[in-house]
Amino acid sequence: MSGALPGVPAAGAPLRLGGRLVAPGRPAVMAVVNRTPDSFYAAARYGAADADAAVARAEEEGADVVDIGGVRAGRGPEVGVAEEVERVVPLVERVRRRHPDLLVSVDTWRAPVARAAVAAGAHLLNDTWAGHDPGVAEVAAEHGVGLVVSHTGGALPRTDPLRVTYPLPAAAERDGPVDPLDGVLLDVLATLRAGADRAVGLGVDPASVLVDPTHDFGKTTWHSLHLVRRTAALVALGHPVLMALSRKDFVGESLGLPAEERLEGTLAATVLAAWWGARVFRTHDVRATRRALDMVAVLRGELPPARVVRGLA
C-alpha cells in the first residue's frame, strides 16, 4: 500500500485479531500490565488487587490491546510454569468478562502457559524470546490466535546481552558502502522472516503475525537505535510491525535518564517509527502514546483532524 499523501512512507500491514481489524486507519496501542513484583519500571508492577484497575484505565485511555505478563523479562527470581499461569490466567479471564471489546495479549515464551492463556480467552501470544519454545507458535496455529515473532540474537530467556555483535556478511560488504550496523538489521530481518514464514506455514493468519525487532533483547543501544532508523525495512516484510520501545534502556542510555524519566524519549522514537509504518506500539503510557500516534495518523493523512475551525469561523 502506498502512502496516503505524496512523500508519506508506505503504510504498514493491517493487523487482524479476534476476527476483526485492529485500529483500522491508525496505529494500535498495546498497554503493558505486568503481574510481576520486579518489573524494571516500578509503576508497571501490578498485584492481583490493582491489575484490574490498570486494565480499566488502559481501556479508558485508548488501548486497543492489553498485554499481560507474569515473568520479568530480565534476570530475577525463578518463576515456574504453574506460578506464571497463576499470575496471568485469572486476569485474562476477568479482562475477557469485564472488557469484552478489549483484545488480550499474553507475554510468554512457554507453550504450557500459552495454551492455558488461550483457553482463558487470549487473542495474541507475545513470544518475546524468539521461539525458544517452538510450541508457542503451534498453540497459536492450533487455536487460531495471533503470534508475535521476535528477535533476540539467540539469547536465552531472561538473560542480558554482553558484547553482542552482528558482523556484516562478506557479500554485503562487497556490494558497496554500507552502514556497519546493518549487520543487526540483516540478522533481524532474516530471523523475523523465518519465524513469520513458520507461523504462516503452521496455519496462523498472516495478518495475525506481528514482527517485533525486540529492542534491547540481545542488542546494544547502538543496535536498538539503528533498528528504529530502519523501521521501513521491517515494514517491508509485509506483516504488522510491533514496536516495544517503552522506557527501554536504549532510550535511557541515549538521554542519560532512569526508567521513570524516559517518556519523552520513548515518544520521540514512537513518532518516528509510526511515521515509517510501524502499526502496534507496546507502552506503559497509554494516553500519551495514543495522542502521539493519532497526531502521526493525522499528519500521514490516515485520520482527519478531530476539529477544524481555525481560519474558518
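The values are calculated or read from the model by the stated rules, or taken from the named source; none is laboratory data. These numbers were taken from a predicted model, which means no experiment stands behind them. Please note: Cβ atoms are built from the backbone with ideal geometry, for glycine as well, and neighbour counts cover all protein chains shown.
Note on the range 104-142: residues that are in a helix (DSSP H, G or I) and among the aliphatic types (A, V, I, L, M) amount to 12. Note on the range 18-48: residues that are touching a strand residue (DSSP E or B) at 6+ places or on another chain (Cβ under 8 Å), without any contact (Cβ under 8 Å) to a residue 40 or more places away in the chain and assigned to a loop (DSSP other than H, G, I, E, B) amount to 4. Does residue 139 satisfy the condition of being over 17 Å from the mean Cα position of the chain (by Cα), surrounded by 22 or more Cβ atoms within 10 Å (Cβ to Cβ), farther than 18 Å from residue 213 by Cβ and at pLDDT 95 or above? When the stated conditions are applied, residue 139 passes them. With respect to the conditions (1) outside any helix (DSSP H, G or I); (2) without any contact (Cβ under 8 Å) to a residue 60 or more places away in the chain; (3) of a type outside the set (A, V, I, L, M, F, W, C); (4) within 22 Å of residue 41 (Cα to Cα), residue 282 falls short on a single one, namely (2). Filtering 292, 288, 273, 297 for residues that are touching a Lys or Arg at 6+ places or on another chain (Cβ under 6 Å) and outside any loop (DSSP other than H, G, I, E, B) leaves a single hit, 297. For residue 179, the criteria (1) in a helix (DSSP H, G or I); (2) touching a residue at least 24 places away in the same chain (Cβ under 8 Å); (3) over 18 Å from the mean Cα position of the chain (by Cα) hold in every case but one, which is (1). Is it true that residue 87 is assigned to a helix (DSSP H, G or I), touching a residue at least 24 places away in the same chain (Cβ under 8 Å) and charged (D, E, K, R)? When the stated conditions are applied, residue 87 passes them.
With respect to the conditions (1) more than 20 Å from the chain's Cα centre (by Cα); (2) among the β-branched types (Val, Ile, Thr); (3) closer than 17 Å to residue 213 by Cα, residue 283 lacks only one, and its number is (1). Would you mind stating whether residue 192 is modelled with pLDDT of 95 or more, surrounded by fewer than 17 Cβ atoms within 10 Å (Cβ to Cβ) and not acidic (Asp, Glu)? Answer is no for this residue. If the condition is being touching a His at 6+ places or on another chain (Cβ under 9 Å) and farther than 18 Å from residue 280 by Cβ, then the range 97-113 contributes 109, 110.
Please verify whether the range 255-276 includes one or more residues that are touching a Gly at 6+ places or on another chain (Cβ under 8 Å) and either closer than 18 Å to residue 13 by Cβ or of a type in the set (Ser, Thr, Tyr) (or both). No - not one qualifying residue is present in the range 255-276. Filtered by the rule that a residue be over 22 Å from residue 156 (Cβ atoms), part of a loop (DSSP other than H, G, I, E, B) and touching an Asp or Glu at 6+ places or on another chain (Cβ under 9 Å), the range 195-224 gives a lone residue, 203.
Quick grid of which residues meet (1) more than 16 Å from the chain's Cα centre (by Cα); (2) over 24 Å from residue 253 (Cα atoms); (3) among the β-branched types (Val, Ile, Thr):
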| residue | (1), (2), (3) |
| --- | --- |
| 152 | no, no, yes |
| 161 | yes, no, no |
| 165 | yes, no, yes |
| 201 | yes, yes, no |
| 208 | no, yes, no |
| 213 | no, no, no |
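The condition (being buried (at least 20 other Cβ atoms within 10 Å of the Cβ) and free of Cβ contacts under 8 Å to residues at least 24 places away in the same chain) is satisfied by just one residue among 214, 231, 266, 270: 266.
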